[in-house]
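Read-outs throughout are calculated quantities, based only on the coordinates presented, and are distinct from any laboratory measurement. Everything quoted here is computed from the prediction, not taken from an experiment. Note: ideal-geometry Cβ built from the backbone for every residue, glycine included; neighbour counts use all protein chains shown.
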Amino acid sequence: MTNPNDSRAALLSLLSTLSFKLGEFKLSSGGTSDYYVDCRLTTLHAEGGRLTGLAILDLLAEQGIAPDAVGGLTMGADPIVSNVATASAYRALASPGTKLIQGMLIRKAEKAHGTGRRIEGFCQAGASVLVVDDVCTTGGSTITAIEAVREAGMKVAAVLCLVEREEAKGRPAVEAAADGAHFFSLYTATQVRAEHIRLLKK
């Protein structure tokens, strides 16, 4: 098994190199910021995707959390979901008996055509779900995913984002919606910024 510290440190390096930008940016929340983190540049990167899956599985193992599925609001969560589900399958090959984590993608609203589903992929009443997001600012997309999981009759095992922007209202809002389920972030924006600056100085 990969050393958890190794996968997490390597992922932080990639995030700070590929995803972190300094400048002037307008956020989806309507505010502005002197930095932007586009996690998709890392989670859709071949090595970044591999490290994302491993880092999240390692955190789940550390915390003793064994969800049936992983899911989040499209599209920021989509590659994370695939990364975690695939990593769980590889872990199961290496260690028979390891639990597989199925993937689900959650739309903001139900489809107006076809099957009309809001959740694609795994969806089973009573199942436990790790709700994921790429960046948490206000927590709005994360909360939408939490609500969709519960409306489908599933339970929230935990909530996780790759990067927490440390906004005053973000974490409290997510924790209130999670209603007792733990909210984890792999990194804070402060950590990613610090690593970005450190690498620039090398």
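Connecting C-alpha atoms closer than 10 Å in a GNM of the chain, tell me which of V132, V156, V81 has the biggest fluctuation. So, out of V132, V156, V81, the one fluctuating most is V156. Amide hydrogen proximity for T188: with H placed 1.01 Å from N in the peptide plane, the residues at 5 or more positions away or on another chain lying under 5 Å are E164.
As a calculated quantity, the FRET efficiency between K155 and L41 at R0 = 35 Å, using C-beta atoms, amounts to about 0.65.
So in the chain, what percent of DSSP beta bridges are antiparallel if you round to the nearest 5? Write out the running numbers ahead of the final one.
Values: 8 of 29 bridges.
Looking only at bridges with both residues in the chain, the antiparallel portion is about 30 percent.
In a simple Cβ point-charge model (Lys, Arg +1; Asp, Glu -1; nothing else charged), segment 36-171 has a dipole of about 340 debye relative to its Cα centre.
Considering all alpha-carbon pairs of the chain, what whole percent are spaced by more than 24 angstrom?
Values: 7696 of 20301 pairs.
Tail of the P(r) past 24 Å holds 38 percent of the pairs.
Summing charges over neighbours of D133, with a neighbour being any other residue whose Cβ is under 15 Å away from its Cβ, gives -3 when K and R count +1 and D and E count -1. A Gaussian network model of the chain, with springs between Cα atoms under 10 Å, assigns the largest mean-square fluctuation among A69, A92, A148 to A92.
Bridges between two residues of segment 67-153, per DSSP, are antiparallel at a rate of about 25%. Residues considered: G180, G170, G31. Largest GNM mean-square fluctuation over the chain, using C-alpha springs under 10 Å, is found at G31. Using Cα pairs under 8 angstrom and six or more residues apart, how large is the relative contact order of the chain, in percent? Relative contact order comes out at 18 percent.
Give me the percent of DSSP beta bridges within segment 106-182 that run antiparallel, rounded to the nearest 5. Mind dumping the intermediate values first?
Numbers: 1 of 9 bridges.
The antiparallel proportion sits near 10 percent.
For K108, give me every one of the lysines with a C-alpha distance below 21 angstrom, ignoring sequence neighbours fewer than eight places off in its own chain. The reachable lysines, counting only those whose Cα sits under 21 Å from K108, are K155. For the chain, the Cys residues with no second cysteine's beta carbon closer than 4.7 Å are C39, C123.
Rounded to the nearest 500, the helix-only mean residue ellipticity at 222 nm of the chain stands at -13000 deg cm²/dmol, with each DSSP H run of n ≥ 4 adding -39,500 (n - 2.57).
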